[in-house]
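Notes follow once the structure below has been shown.
Read-outs throughout are calculated quantities, based only on the coordinates presented, and are distinct from any laboratory measurement. Note that the structure is a prediction, hence the values are computed from the model and not measured. Here the Cβ is made from the backbone with ideal geometry for all residues, glycine too, and neighbour counts use every protein chain on show.
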């Protein structure tokens, strides 16, 4: 699912907060669906496409922190952005430690929430790509990626694989395009997180 099509789910026990956020996100081309509690959201979770969740950190019933844990238990990786009042900052910090993608303190500026949701959508796309990583790389692309992670230059990788440095650069560019990584550094991180590289990395020729 592309970043633009990924839905946004608003969870807050204050209806006015949901309405204002939904209107704000809609103006930015990000339609949202609102839920009055985390429990209501969880009740319909199995019928909802993966998306980005914006929720209050402290709500009646299941809290924002508990929601993060429950999502993981149900094999959902939707990024969660928690919203906290000043008095709830310690809870927000706990939510970040639990795996929240971001934390916004009330009141927040329009561009802050828009940037947070856009970033979370992008992170979600990268995570989804990572999960499908192993099925999308050719044997040669895997070889190039292992050498990149090992710290090989294009010339070193070319010598190892018996191809030209220009061809190595072409493969590196294709890898970045396939994964949605924004840089070689992020490509390396995705490869490591996906567990594609064996413990014995290629030894570079001296």
Here the FRET efficiency for residue 89 versus residue 33, based on Cβ atoms and R0 = 30 Å and rounded to 0.05, is 0.65
Looking at the chain as a GNM with Cα springs under 10 Å, which of 121, 19, 166 has the largest mean-square fluctuation?
166
Stretch gain in nm, segment residue 19-residue 49, where the contour uses 0.36 nm per residue and the Cα spacing is subtracted:
8.7 nm
In Å and from the alpha-carbon atoms only, list the Rg and Dmax of the chain.
20.6, 65
If 45, 10, 192 are placed from fewest to most neighbouring beta carbons inside 10 Å, the sequence is 192, 45, 10
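Over region 133-193, what per residue volume does the convex hull of the Cα atoms give, in whole Å³?
Given the Cα convex hull of region 133-193, per-residue volume reads 69 Å³.
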Let me check against my output: what whole-number percent is the relative contact order of region 3-127, with C-alpha pairs under 8 Å and at least 6 apart?
24
Suppose the chain between residue 159 and residue 178 were pulled fully straight at 0.36 nm per residue; how much longer would it get relative to their current alpha carbon spacing?
4.4 nm
Along the Cα→Cβ direction, 7 angstrom out, place labels at residue 40 and residue 108. What is the inter-label distance in nm?
2.1
Arrange the following residues from fewest to most other Cβ atoms within 10 Å of their Cβ: 57, 188.
188, 57
The rounded separation in angstrom of the Cα centers of region 37-100 and region 134-160 is 38
